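Novice: Structure provided below as structure tokens; questions to follow.
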Amino acid sequence: MQSAASPLMPIPGLIDPVPVPRAVTPREDGRTDLMGLSRPQIKAVLEEAGLDVKAAKLRAKQLFHWLYHRGTTDFDAMTDLAKPMRRWMADRFVVGRPQVVEAQVSTDGTRKWLLRSDDGQDYEMVFIPDADRGTLCVSSQVGCTLNCSFCHTGTMRLVRNLTPGEIVGQVMLARDALGEWPKGNMAASNDVDDDEDAPQYSPDGRMLTNIVMMGMGEPLYNFDHVRDALKLVMDGDGLALSKRRITLSTSGVVPMMARAAEEIGVNLAVSLHGVTKAVRDELVPLNRKYGIEELLQACADYPKANNARRITFEYVMIRDKNDSDDDARELVRLIRKYKLPAKVNLIPFNPWPGTDYECSTPERIRAFSSIIFEGGISAPVRTPRGRDIMAACGQLKSASEKKSKAEMKRLSEEKQAALG
């Protein structure tokens, strides 16, 4: 549960494993934060606090509903708990949310939040509204270990994994900000103290319809916490978001992909970005550990993939790096070779301070897309969103860590030297 220290996390890739424990920061008031806990975990902390087994089971069910279905943070508002029980809960527990350091809104409506944890670590989340959907881009780590050269987050050092509470807390906070929690009563027991004139419960229309695990960090290197958080998001008695509306993006952590299908079962997106070893080694250094062929075989073996649930290949368009006609044709060849039910999202490179990369021209992107379409594979071009507030794909980086261009160049040279 969230109150315990997170397990040590080995940093993968091209360096030796390094433990990154979660620095537990106890609350000054001694209360336990329930956010991120499952029903069995809530039941366990209630028993630890003194409730008998039967009462703890009932109260855990009620708390789970109020926490994740109704978005309630105030025990006094939990109207199917007797008033003495509400006071007992409030004395021992709290329902937390991430601290908002800064909230920005782009000219195109994209929202970005800079969030801060109890131990003072900063991370970001982004909400992207569209005409027919609203997508929340969720972070899984503070920083990142993969060092993808085109990605702003990759210039950060990995600090630690986010906990289940910090991951699902991003979704809760977004629902708070969008005003999307159900309203009204839902009495569930005889000890209710309710306002009879209050409006009755009915589900509201939702702006937040989709979640993508594409924020800061590599989700499959924080597998257990990401899995536990997404189970809360998908729980029919909680946030109740369909797994078909959730996409997990990986840079290619091959050993964890099958497990993700079995234990989480959401849609898969793969950050490909290159079709040759030399280019992908540069853009996504994890390729030196799990190469393109090994990655694509793992995609072919992905149990949940079919024509109705295609794998998405993310491909950032970088001028004179990975955007030639030959690159497009090789991409089609690889997808056909492995008989993948797939589509390709072409992402115009989003610039950030210190990068030497440039975005492909619109004409080059259109030509690249046309070749893939002619190969019978969908290849839409993603419209950049939130560039003016550094909220676009590849731009996320907490404001708590800013490096000069000279320092980033030095760090890059050190990484290259270490790689030989």
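The values are calculated or read from the model by the stated rules, or taken from the named source; none is laboratory data. Quantities reported herein were computed from a predicted structural model and do not represent experimental measurements. A quick note on method: Cβ atoms are made from the backbone with ideal geometry, for glycine too, and the neighbour counts reach across all protein chains shown. Keep in mind that these areas ignore ligands, DNA and RNA; they rest on the heavy atoms of the full protein, side chains included. Shrake-Rupley method; radii C 1.70, N 1.55, O 1.52, S 1.80 Å.
Novice: Rounded to the nearest 20 debye, what is the charge dipole size of region 250-378 about its Cα centre when +1 sits on each Lys and Arg Cβ and -1 on each Asp and Glu Cβ?
Specialist: Charge dipole of region 250-378: 440 debye, to the nearest 20.
Novice: Taking the alpha-carbon centroid of each part, what is the distance from region 34-71 to region 116-147 in angstrom?
Specialist: Between the Cα centre of region 34-71 and that of region 116-147, the gap is 27 Å.
Novice: While we're here: Take 357, 123 and sort them by solvent-accessible surface of the protein heavy atoms, 1.4 Å probe, largest at the top.
Specialist: Descending order: 357, 123.
Novice: Another question, then. Computed FRET efficiency, Cβ-Cβ of residue 100 and residue 73, R0 22 Å: what is it to the nearest 0.05?
Specialist: 0.95
Novice: Can I ask one more? So what is the accessible area of region 267-386 per residue, in Å², with the probe set to 1.4 Å?
Specialist: I get 43 Å² per residue for this part.
Novice: Place the peptides 71-83, 311-323, 140-152 in order of packing, highest mean first, counting for every residue the other Cβ atoms within 10 Å and averaging per peptide.
Specialist: Per-residue mean Cβ counts within 10 Å order the peptides as 140-152, 311-323, 71-83.
Novice: Right, next: I'd like the Karplus ³J(HN,Hα) series for region 126-143: coefficients 6.51, -1.76, 1.60, θ = phi - 60°, whole numbers in Hz, and an x wherever there's a Gly or Pro.
Specialist: Result, rounded to whole Hz: 9, 10, 10, x, 10, 4, 10, 6, x, 10, 9, 9, 10, 8, 10, 9, 8, x.
Novice: Whole-Hz ³J(HN,Hα) for each residue in region 358-373, computed from phi via Karplus 6.51 cos²θ - 1.76 cosθ + 1.60 with θ = phi - 60°, x for glycine and proline: what do you get?
Specialist: 10, 6, 4, 5, x, 5, 5, 5, 4, 5, 4, 4, 4, 4, 5, 4
Novice: Rounded to the nearest angstrom and ordered from largest down, what semi-axes does the equivalent ellipsoid of region 205-364 get from its C-alpha gyration tensor (root of 5λ)?
Specialist: 28, 18, 15
Novice: Still on this model: Shape of region 79-139 from its Cα gyration tensor (a ≥ b ≥ c, root eigenvalues): rounded if a/c is under 1.5, otherwise prolate when a/b > b/c, or oblate?
Specialist: Note, shape of region 79-139 comes out oblate.
Novice: Using the Cα gyration tensor of region 204-255, with a ≥ b ≥ c the square roots of its eigenvalues, what is the shape: rounded (a/c below 1.5), prolate (a/b larger than b/c) or oblate (neither)?
Specialist: Because a/c hits 1.5 or more and a/b exceeds b/c, region 204-255 counts as prolate.
Novice: Heavy-atom accessible area of residue 363 with all protein chains present, probe 1.4 Å, nearest 10 Å²?
Specialist: Roll a 1.4 Å probe over it and residue 363 shows about 110 Å².
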